[in-house]
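Okay, structure first, notes after.
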């Protein structure tokens with residue numbers, strides 16, 4: 001493996017570790033949220049989704065989603081709500097605990113990113129963002145700008 005790949009892998013590992021810290025992961029403790037749980041909480045923070053939608057979006061069985069949602073519900077992060085128009089529809093709704101968790105995590109992530117970006121000049125920041133988007137090559141449709149606005153409005157202090 002060439003040196004640049006080794007260096008890139010090291011840097012990506014550092015970002016991964018830092019993001020895990022921002023997300024509050026502590027390997028010494030069992031977390032209330034699995035990676036699947038984090039994913040579901042984030043999706044449900046932005047979109048009103050049915051159990052069926054989650055299964056289809058992730059190309060998994062409804063029973064797999066049910067298991068994850070059962071755990072989230074048991075830990076107080078979500079509740080199931082029957083559809084108003086079609087009572088067969090079951091929507092996943094976040095609790096105040098989950099919304100608070102998202103705000104806390106996004107505050108941590110915001111501070112981490114702000115600290116990292118502050119090491120760069122404005123020109124370097126623009127160049128970094130352009131190159132990073134090209135490097136990742138993936139369009140994320142989650143409206144993070146709305147999340148940051150909510151985080152900042154909720155007395156978030158850097």
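The values are calculated or read from the model by the stated rules, or taken from the named source; none is laboratory data. These numbers were taken from a predicted model, which means no experiment stands behind them. Cβ: placed from backbone, ideal geometry, glycine included. Neighbour counts: every protein chain shown.
Of the residues in region 72-84, how many are crowded, with 17+ Cβ neighbours inside 10 Å and part of a helix (DSSP H, G or I)? If you could, list the steps in order and put the result at the bottom.
The initial filter retains those residues of region 72-84 that are crowded, with 17+ Cβ neighbours inside 10 Å, namely 72, 77-78.
Right, trim to part of a helix (DSSP H, G or I) and you get 72.
Result for region 72-84: 1.
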Query raised in the report: When you look at residue 87, is it modelled with pLDDT of 90 or more, more than 20 Å from the chain's Cα centre (by Cα) and either outside the structural domain of residue 24 (by TED's automatic domain parsing) or in a loop (DSSP other than H, G, I, E, B) (or both), yes or no?
Result: no
When region 91-105 is checked residue by residue, the ones that are within 21 Å of residue 55 (Cβ to Cβ) and either in contact with a helix residue (DSSP H, G or I) (Cβ under 6 Å, 6 or more places away or on another chain) or outside the structural domain of residue 43 (by TED's automatic domain parsing) (or both) are 92, 94, 98
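Could you list all residues from region 1-34 that are part of a loop (DSSP other than H, G, I, E, B) and either touching a strand residue (DSSP E or B) at 6+ places or on another chain (Cβ under 6 Å) or free of Cβ contacts under 8 Å to residues at least 24 places away in the same chain (or both)?
Looking only at region 1-34, we keep the residues that are part of a loop (DSSP other than H, G, I, E, B), and these are 1-2, 23-34.
Within region 1-34, 1, 2, 25, 26, 27, 28, 29, 30, 31 qualify.
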Given the structure, is residue 39 assigned to a helix (DSSP H, G or I) and within 26 Å of residue 114 (Cα to Cα)? yes
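Results for (1) farther than 17 Å from residue 46 by Cβ; (2) modelled with pLDDT of 60 or more; (3) out of contact with any helix residue (DSSP H, G or I) (no Cβ under 8 Å at 6 or more places or on another chain); (4) part of a helix (DSSP H, G or I), shown as yes or no for each residue.
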position	(1), (2), (3), (4)
110	no, yes, no, yes
114	yes, yes, yes, yes
124	yes, yes, yes, yes
127	yes, yes, yes, yes
130	yes, yes, yes, yes
134	yes, yes, yes, yes
139	no, yes, yes, no
148	no, no, no, yes
158	yes, no, no, no
Among (1) in contact (Cβ under 8 Å) with a residue 40 or more places away in the chain; (2) assigned to a loop (DSSP other than H, G, I, E, B); (3) loosely packed, with under 14 Cβ neighbours inside 10 Å, residue 93 falls short only on (2)
